[in-house]
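The values are calculated or read from the model by the stated rules, or taken from the named source; none is laboratory data. Treat the numbers as computed from the prediction; the structure is a model and nothing was measured. Quick reminder, even Gly has a Cβ in these numbers, built from the backbone with ideal geometry, and neighbours come from all protein chains shown. Quick note on the areas: whole protein, heavy atoms, side chains included, nothing else; ligands and nucleic acids left out. Shrake-Rupley method; radii C 1.70, N 1.55, O 1.52, S 1.80 Å.
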Amino acid sequence: QEHDPDLVQGFLPKEDLGVLEFRRTLPEADGRGVVVAILDTGIDLLHPAMQTCPDGRPKVIDFYDATDGGEVDLPLARTLAEGEGSLPGLTGRRLRLGAHAVAGRAYRIGRIPAKGVLPEGVSQRVMGEREKEFRAEERRAKDRAFGAPAGTPDPLGPEAPAFDVVTFPDAEGRWRAVVDTDGDGDLGEEKAMGEFRDTRDVGAFAEPLHVGFGVSILADGAKVVLLTDGGGHGTHVAGIVAGHYGPESPLDGLAPGAQLIAIKIGNHRMGGATSHLAMHKAIDYARRAGARVLNLSFGGDSWFGDGREEASRMLDEAVERWGLFVCVSAGNNGPALNTVGSPGTARRVFTIGAYCSKRTQRTNYGVFDPRRDDLFDFSSRGPLTCGSPGIDFVAPGAALSPLPTWHLKRFESWNGTSMAAPQAAGALAVLLSAALQKGLPTSVAHLTHALRATARYLPDLLSVEQGAGLIQVGPAFAALERLPADREPVAFRIETRNATGTGSGVYERCVAGADPFEREVSIRPDFDERTPASVLTYALSSGAS
């Protein structure tokens, strides 16, 4: 089909960051060779955009649930006797094993309640449908004659369904899980699934649930973790970074060649909230699993405003110790100043605001004659109350991107700084991919220097709204080519003690009168061991009166 390029770019902007033009000059710089960890609500393993990369490699290569949202205990243990072909299920069904029946094999048996284990939106939808059916039958029963009418309503009423699950070791001793996805008690028709990271096995609960899942099997089969997208947010974010539908699809993400690790930090049992423990486990797992880029479109209020929150400190350590690139959404509490949330307050991450081009204003929101490229009003602004800028870059904050199949729609247009951070992560994946293929340095210092030096500064916005400006992949790559590969660019730590904390800028509000005041600014270079000794002289000047 023919697509209006202006319309497509408005709904899934890639040209705003120069990604499409750059990939035309380096076609294989599509993210291949780069692994991106999506710390969010999970990724839908059934979605067409989450299956493969353009060269056929699997898209989602690992899935880790850092919450307890998908955990299912299997408390019942049974050994199958000779000639026996079924087991008692915890839902009350008799489970026919079919080809999974092996005499003398030890089985663990558990029950998966849709409410509490599967995504909350699924159980709410299914329970709502059952509620309607139950009430309709109840009304029909009351209209009948006295006595027990035929078709008396189900005594369980509008409860959410439940499904049986069985685990066992196969002939090689590897644990397998079989889930009764259609609730008919026939496990013989179901697939024996292994650890997702090893087998890429994907199952699906039948209509009306439409939930895709992988499994992780723990404690010698006594626990199964169902790997799902518990809300939809994670799949949407993942699609922006690296979704791939097919050759030249305009709905592809920025880096369709990148591979993804789904790391679930949003617990759907707690309304999608996360915890410091989940964050710590997620960051550590991403590092050990080989991710180079982390996207975190998650966060909350910042109580300190200077990066002292636990999550902010953990992310700073991930950058400093392990050389990870971390993209974090700034928050949707704008347009007032001082509204950047945690962990966007971290000092070493890329905190991303939500940009809205004139083209997106026209195509997405019907603005007839937009005056300028701008930020979305909701995009949080800096500075931090300690004096640091708060925003590092801006990127497009609206995107048409995938949703899990259980949403009963394939994609939808969402906006937020949650959409801006994966735009930056996708651009980083493209830049890293090109640098790796050309043998250029890929340290955090090199890429940060190149990105800051070449971002497009938006003249109508303040620096505390946009940081260095709109990321530009092509110029950043050219800058990376010019940087010396044998030593890292010198970075400087700038600290100013303000009344409201220590940050990298002078922070004053409600200054009374015009009397001068003094602030001491400490500037310390972060020298690499290989940096030659030198003397540099700088003249400091204020950016405000």
Extended-chain gain in nm, criterion 0.36 nm per residue less alpha-carbon gap, Thr52 and Glu520: 163.1 nm
Over the chain, with neighbouring protein chains present, the accessible area per residue in Å² at probe 1.4 Å is 45 Å²
Whole-number percent relative contact order across segment 448-541, with pairs defined as alpha carbons under 8 Å at least 6 apart: 23 percent
Would you please give the FRET efficiency between Glu28 and Ser275, computed as 1/(1 + (r/R0)^6) with r the Cβ-Cβ distance and R0 = 41 Å, to the nearest 0.05? 0.55
The distance between the Cα centres of segment 443-515 and segment 300-349, in whole Å, is 15 Å
Ranked by how many other beta carbons lie within 10 Å on average, peptides 381-388, 186-193 from highest: 381-388, 186-193
Could you work out how far helix 120-143 tilts from the main Cα principal axis of the chain, as a 0 to 90 degree angle to the nearest 10? 40 degrees
Residue by residue through segment 393-409, what is 3J(HN,Hα) from phi via Karplus (6.51 cos²θ - 1.76 cosθ + 1.60, θ = phi - 60°)? Round to whole Hz and write x for glycine and proline. 8, 10, 8, x, x, 9, 7, 8, 8, x, 10, x, 4, 6, 6, 6, 8
Kirkwood Rh over alpha-carbon pairs of segment 279-365, then Stokes-Einstein at 4 °C and 1.567 mPa s: what D in µm² s⁻¹, rounded to an integer? 94 µm²/s
Alpha-carbon centroid distance for the pair segment 200-272 / segment 20-98, whole angstrom: 7 Å
Overall Cα dimensions of segment 377-504 - principal axes, largest extent first, Å: 51, 46, 27
Rounded accessible area of Met270 (nearest 10 Å², 1.4 Å probe): 110 Å²
With axes computed from alpha carbons, what is the tilt in degrees of helix 233-242 against the longest principal axis of the chain, rounded to the nearest 10 within 0 to 90? 60 degrees
List, in order, the whole-Hz ³J(HN,Hα) value for each residue of segment 485-502 obtained from phi through the Karplus relation with A = 6.51, B = -1.76, C = 1.60 and θ = phi - 60°; use x for Gly and Pro. 7, 8, 8, 7, x, 6, 9, 10, 9, 10, 10, 10, 8, 9, 5, 9, x, 9
Quick one: Karplus J couplings for segment 454-461, per residue in order, coefficients 6.51, -1.76, 1.60, θ = phi - 60°, nearest Hz, x for Gly and Pro? 10, 4, 8, 6, 8, x, 8, 10
Treating only Lys and Arg (+1) and Asp and Glu (-1) as charged, each at its beta carbon, one finds that the chain has a dipole about its Cα centre, in Debye to the nearest 20, of 240 debye
Return, ordered by residue number, the residues of segment 269-309 whose backbone nitrogen is under 16 Å from a label point located 7 Å along Cα→Cβ of Arg493. 307-308
Convex hull projection area averaged over all views, the chain, Cα basis, nm²: 33.5 nm²
Amide H to amide H under 5 Å from Asp164: which residues, 5+ apart in sequence or cross-chain, H placed 1.01 Å off N in plane? Ile112, Asp180
Range in the chain, longest, excluding exposed chymotrypsin sites (Phe, Trp or Tyr not before Pro) [loop by DSSP; at most 12 other beta-carbon atoms within 10 Å]: 147-302
What is the calculated FRET efficiency for Ala171 to Lys132, with r their C-beta to C-beta distance and R₀ = 45 Å, to the nearest 0.05? 0.45
Tally Lys/Arg at +1 and Asp/Glu at -1 over every other residue whose Cβ is under 11 Å from the Cβ of Asp170; what's the total? +2
Taking the chain as the reference, fit the longest principal axis to its C-alpha atoms, fit the long axis of helix 417-438 to the helix C-alpha atoms, and give the angle between the two in degrees, 0 to 90, nearest 10. 80 degrees
Residues whose built amide H sits under 5 Å from the amide H of Asn498, excluding neighbours closer than 5 in sequence, are Gly503
